[in-house]
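Okay, structure first, notes after.
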Amino acid sequence: MFKGNTNISGIFSVVLASVFWGTTGTAASFAPDISPLAIGASAMGGGGLLLLISARNKLIKDVATLIKQYQLLLCGGAAVAIYPLAFYTSMRLSGVAIGTLISIATAPFFTVLLERLISKKSISLNWVISFIIGATGIVLLTVGKQATTHSSDTTFLHLIGIGLGLIAALTYATYSWAARGMIERGVSSQSAMASMFGLAATLLLPSLWMTGDNLFADAKHTAVVVYMATIPMFLGYLLFGHALKQLEASTATLITLLEPAVATLFAIFLVGERFTLVGWYGLMFILVCMLLQVVPFRALRLRKNPAVDSY
C-alpha cells in the first residue's frame, strides 16, 4: 500500500479535506428546518456542479477514457448519490458526533476490502496497525459520548441511524476506490471526481423538488447551503482527488479518520454535545494513527497471497 515513499502533498490534501468535511455535521445542525435528505442532495449536488464546471476542459480531454471506464464511473456515481442521503440522515437520527464516527470509522475497512478482493492489492502492516489504532480511537470517542436516557422509540431510531452510517461508509469507500481506479487507468483526478459527482448531481438535485423545503428560507439557511456545497464538497473533493493521484484509496480513507475528531471538537464546542475523558483519549489515538501514516515503514509490508492473487 505504501511503497516506502510517503507523499506529503497527498497526505496534507487529505488532512485539509478532512478538516473541511468535519464541519459538515455542525453546519447542518444550524439549519434544523432543512431535511437531512435535502441537506445531502443540495451539498453533494451543488458541489458536483461546481466540480463539473471547474473540470470542463479536463473532461473533454478525458471523455474517451471515461467511456472505457464506464463501469467504475457508474458505480462511483451511484455511490456518491447514496452517500449523502445515508450520511446526513444517520447524523439526524443518531447525533452529529456518533453519525460521523460510524460513517467515517468503518470506511477504511470497506475500502481495503474492495482493494484486496477486487483490485488484488496487498495490505501493508503499517496500514493494519494504523487502522487498529485509529479504530480504537473511534471507539473511545464513541464511548466517551456521555450517555443520555432514551425511550425505546428513540433507541430504535438511534440504531437505524447507525445502520445508515454503515451504508454511508460503504458508499464512501466505493466512490473513493472507483476514483482511484479511474486515475490509475489514465483519467485525471479532476475528471474522475467531476464525472462521478456530476452524475450524482443529476440524481440528487431533482429530488430537491420534493425535499427542498426551507433551503433558502432565510439568510442562515442559505448560508448553510452555500457553505456546504462550496467548501466541504467542492474544495474538499478537489483536494481528495489530488490526494488519490498519489495515495491508495485505502490510505486516503484511513487518513480521513481525522474527520470524526474534527467533527467531535465542533460538536462539543458549538453544538453542545458532551464527551468524557475517555473520548479525549480516543482523539489521541487518532492522532497517533495519523502520525503512522506520515512516517514510512518500508519493512512493514504483507506480501500478497499467491493462492489468492492467482485468480
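Bear in mind these aren't lab numbers, they're just calculated from the coordinates by the rules spelled out. Here the structure is a predicted model, which means the values were calculated and not measured. As a convention, Cβ positions derive from the backbone with ideal geometry for all residues, glycine included, and neighbour counts pool all protein chains shown.
Table for the structure above
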item: Ordering of 13-24, 174-185, 274-285 by burial proxy (mean other Cβ atoms within 10 Å per residue, highest first); result: 174-185, 13-24, 274-285
item: Relative frequency of Cα-Cα separations exceeding 27 Å in the stretch 111-245, percent; result: 42 percent
item: Karplus-derived 3J(HN,Hα), 6.51/-1.76/1.60, for each residue of the stretch 165-180, Hz, glycine and proline x; result: x, 5, 5, 4, 4, 5, 5, 4, 4, 5, 6, 5, 5, 5, 4, 4
item: FRET efficiency for VAL139 and LEU117, using Cβ-Cβ distance with R0 set to 22 Å, rounded to 0.05; result: 0.30
item: Descending semi-axes in whole angstrom, ellipsoid equivalent of the stretch 172-303, from the Cα gyration tensor; result: 30, 26, 11
item: Per-pair calculated FRET efficiency, R0 = 30 Å: LEU157 and SER54 via Cβ, rounded to 0.05; result: 0.20
item: Amide H contacts under 5 Å for PHE275, placed H, 5+ residues apart; result: GLN146
item: Spatial separation of Cα centroids for the stretch 6-45 and the stretch 207-233, in angstrom; result: 13 Å
item: Virtual spin-label span in nm between MET210 and THR276, 7 Å along Cα→Cβ; result: 4.3 nm
item: Burial order of peptide ranges 240-253, 25-38 (average beta-carbon count within 10 Å, highest first); result: 240-253, 25-38
item: Unit charges at the beta carbon, dipole of the stretch 78-203: most positive-side option, SER119, ALA200, ALA79; result: SER119
item: Normalised alpha carbon radius of gyration of the chain [divisor 2.2 N^0.38 Å]; result: 0.97
item: Peptides ranked, highest mean first, by Cβ atoms within 10 Å: ranges 225-236, 186-197; result: 186-197, 225-236
item: Rg(Cα) / (2.2 N^0.38 Å) computed for the stretch 1-98, rounded to two decimals; result: 1.33
